[in-house]
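Engineer: Okay, here's the structure, questions in a sec.
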Amino acid sequence: MAQCDLHTYRSSGPGGQHRNKVSSAVRLLHRPTGITAHGDDSRSQHQNKRLAISRLRMNIALRIRRPVDPANCTIPAIVRECVFLPKNAGPDSLKRIAIGRKDFRFWPVAAWLLDLLDACQGRLADAAGILGVTSSNLTHVLESDRHLLAATQEIRKRHNCRPIA
């Protein structure tokens, strides 16, 4: 929040007299990147602020890419926390990524996965190999959110890879 400008305003649309009189909508501008997000779904300014922060985190994760060296890749701790070996796994079993969209780590992990995919020139198999997971598991995580899937498709298109079916 220290890097953001907060702007409250009156939102239009349904909600009656309260919505038309109170500045409950929130817009956030992340000054270093210029990325914005808004929240105007609720009549509560506090709920709209939480929603705007969540959307801002998502937008930053989807748009800002950091370089990753696939040859000397160090997997961040937040990602390692989400990669595990399933129960009853054999000695040759691959690990799995397990993270849900409501997990507070979802967008930081998603951002790193996109960074890795971009470094692997959009090739899912290469990125999955670095993580020690299957391509289908990585694809499942990347398909778990429509915005994340769109960012994945954009990276693959930029590297002349076919879209994920």
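Values quoted throughout were computed directly from the atomic coordinates according to the rules given, and no laboratory measurement underlies them. None of the values given here were measured: they were computed from a predicted structure. So basically every Cβ, Gly included, is an ideal-geometry build from the backbone, and we count neighbours across all protein chains shown.
Engineer: Among the residues of the stretch 99-131, count how many are part of a loop (DSSP other than H, G, I, E, B) and exposed (fewer than 14 other Cβ atoms within 10 Å of the Cβ).
Structural biologist: Looking only at that region, the number is 6.
Engineer: Also: Go through the stretch 49-81 and report how many residues are assigned to a loop (DSSP other than H, G, I, E, B) and either of a type outside the set (Ser, Thr, Tyr) or surrounded by 14 or more Cβ atoms within 10 Å (Cβ to Cβ) (or both).
Structural biologist: 13
Engineer: For the list (1) surrounded by fewer than 14 Cβ atoms within 10 Å (Cβ to Cβ); (2) in a loop (DSSP other than H, G, I, E, B); (3) not charged (D, E, K, R), I need the number of the one condition that HIS46 fails.
Structural biologist: (2)
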